[in-house]
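FYI, it's all coordinate maths here, none of it is from the lab. None of the values given here were measured: they were computed from a predicted structure. Cβ: placed from backbone, ideal geometry, glycine included. Neighbour counts: every protein chain shown.
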Amino acid sequence: MLGLTILIGFAFLGELMSIYLNLPLPGNVIGLILFIVSLFSGIIKLDWVETISSVIVKHLALFFIPVVVAIISLFPLLRENLLVIIISLTVSTILVLLATGITVKLAISSKLSKKGEN
């Protein structure tokens with residue numbers, strides 16, 4: 001029960017920080033960052049949350065049920081816009097691949113030129 005309380009507490013703290021500090025991150029992400037920092041710094045012991053974390057991971061598929069239901073309920077809207085969705089996903093994927101390739105190429109050439117200077 002302690003582990004669940006800790007996890008819910010960090011989620012709640014993250015939500016509060018997101019709302020009251022007007023941070024651009026969702027509360028659950030802020031809570032997760034705080035939780036990880038607390039784990040690495042030793043404030044929270046892994047033993048305290050390990051059991052409940054294993055249970056949550058074991059039943060993780062249940063957390064996706066609301067998303068699947070929402071997609072099914074929006075299926076007529078998705079079907080109407082299927083072509084636009086496919087085109088935008090394809091174009092954005094190609095752009096991300098190109099940007100990643102160019103970035104890696106520039107990083108490698110920059111590293112090679114620095115080695116040549118030394």
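Tell me what the chain gives for mean residue ellipticity at 222 nm when only DSSP H runs of n ≥ 4 count, each as -39,500 (n - 2.57), the sum divided by the residue total, rounded to 500 deg cm²/dmol.
On the way: 6 runs with 98 residues, N = 118.
After summing the helix terms and dividing by residue count, I get -27500 deg cm²/dmol.
Screening the chain for whole DSSP H helices of 20 Å or more along their axis (Cα) with average Kyte-Doolittle hydropathy at least 1.6 returns 2-20, 27-41. Only lysines eight or more places from residue 45 in sequence, or on another chain, were considered; those with a Cα closer than 25 Å are 58.
Suppose a student asked you for the relative contact order of the chain, using Cα pairs under 8 Å spaced at least 6 residues apart; what percent would you report? Don't skip to the end; give the middle numbers.
Values: 55 pairs, mean separation 22.0, N = 118.
Across the chain, relative contact order equals 19 percent.
Note on the chain: with charges restricted to the Cβ of Lys and Arg (+1) and Asp and Glu (-1), its dipole about the Cα centre is near 460 debye.
Once backbone amide H atoms are built at 1.01 Å from N, residue 44 has 39 as its partners under 5 Å, excluding neighbours fewer than 5 places away on the same chain.
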